[in-house]
Every structure is written in C-alpha cells, then in structure tokens.
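Since every read-out is calculated from the coordinates, none of them should be taken as a lab result. Because the structure is predicted, anything quoted here is derived from the model rather than measured. Glycine gets a Cβ as well: all are built from the backbone with ideal geometry, and neighbour counts include every protein chain shown.
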C-alpha cells in the first residue's frame, strides 16, 4: 500500500539504500520518501527560520496515542477552536494494509492522475467527491486484510543506529526526551 503500490521496497534493502545515498551512488525518490522525510530536525530548522520557536507547537505521535483527548484539546486551543470538542478517536483511519498487486496499484495511480484524459472526462460528468470515492474504491479492491511485513532485527538495529544522532539533535531542539525513539 505504501504510496499506492509505487513503492515495493522490503525493509531488508534499507541499509543499501542509505549507504548508496551517502556514497553518492544514488539520490532517488526512495531515499527521500523513506529516509530523508524522517529526519525531522532538518524540517524543523527550516520552519524555525520562518517562524518564532515559541509559536511552533510540536505534538508527538506517542502523546496522541496515549492521550488523544488532551492532545486534541491543546491543538484546538492553539487554533482557536472549541477546545471542549472531543472527536471520536476510537475509529482508525488510513490503516496500512498489504496490497494484492503492485501492477494494479500502479495502474490505478496512473488513471487517477490529474492530467489523465479519462479522469478529466469523468470529472466533468461527476461531482468532485464522486471522483475521490471512485479512486478510494479502486484502491480498496486491491487491499488484503493482513498486516504488512515486520522489520527484521538487523534492519531495525541499523535504523536505530542511523537515526540516533538525528533524534538526539531533535530532542535538543525541542527540549523533549526522545530516548525511547533510540531503543
């Protein structure tokens, strides 16, 4: 399901992807998608260049999982929304599932592109949300009800070691304890 089937990349290959990038052999979109986007301190450095640090509010995923109502309340307060509103956090959206066919997933992705003449023609005939619903229906047809592969121990250790210095920089930047990210 990762990127609607465009990415068929086992965890066991992540080490070579990172090593190829650092040796200058490759800087493909796979590295950017799987690794670079996960180096959060780099993104925060950019944000802090444009916005005062005290105006940037950072919510950790772990906090959202542990205390969804509290996190939502803080977020709503910062946005000026009714902080007493409590969304239903028992429903899981966008649950990752395995796909049946990567070829089918790539096909669906191609037909759903904005510049596709078929999609443009359907868009003229049907209301906007209908287009979206058709796309989601086509994607759902390709999903299996099994959990995706688990990361192997060697890849997990490599990634923990690789991201540790980045996590430490982030922890320092935001003044939070992120030691659990390194274990």
Candidates 104, 132, 93, ranked by Gaussian network fluctuation over the chain, Cα under 10 Å, top entry: 93
Which of 102, 22 has the fewest Cβ neighbours within 10 Å, and the rest in rising order: 22, 102
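Mind jotting down a quarter of the surface of the convex hull over the alpha carbons of region 106-146, in square nanometres, one decimal?
Projected over every direction and averaged, the Cα hull of region 106-146 covers 3.1 nm².
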Gaussian network model of the chain, springs between alpha carbon atoms under 10 Å - residue of 142, 131, 116 with greatest fluctuation: 116
FRET E, pair residue 160, residue 70, Förster distance 30 Å, beta-carbon r, rounded to 0.05: 0.60
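If the chain between residue 57 and residue 130 were fully stretched, how many nm would it gain, using 0.36 nm times the residue separation less the Cα-Cα distance?
Going from the current span to full extension adds 22.7 nm.
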46, 130 arranged by Cβ crowding within 10 Å, fewest neighbours leading: 46, 130
Which label in (1) 34, 16, 14; (2) 31, 27, 18; (3) 54, 17, 14 gives the computed semi-axes √(5λ) of the Cα gyration tensor in Å: (2)
Difference of contour (0.36 nm per residue) and Cα-Cα distance, residue 122 to residue 43: 24.7 nm
Contour excess over end-to-end distance, with Cα ends at residue 150 and residue 23 and 0.36 nm allotted per residue: 43.0 nm
Within a Gaussian network of the chain (alpha carbon springs, distance under 10 Å), most fluctuating of 143, 109, 74: 74
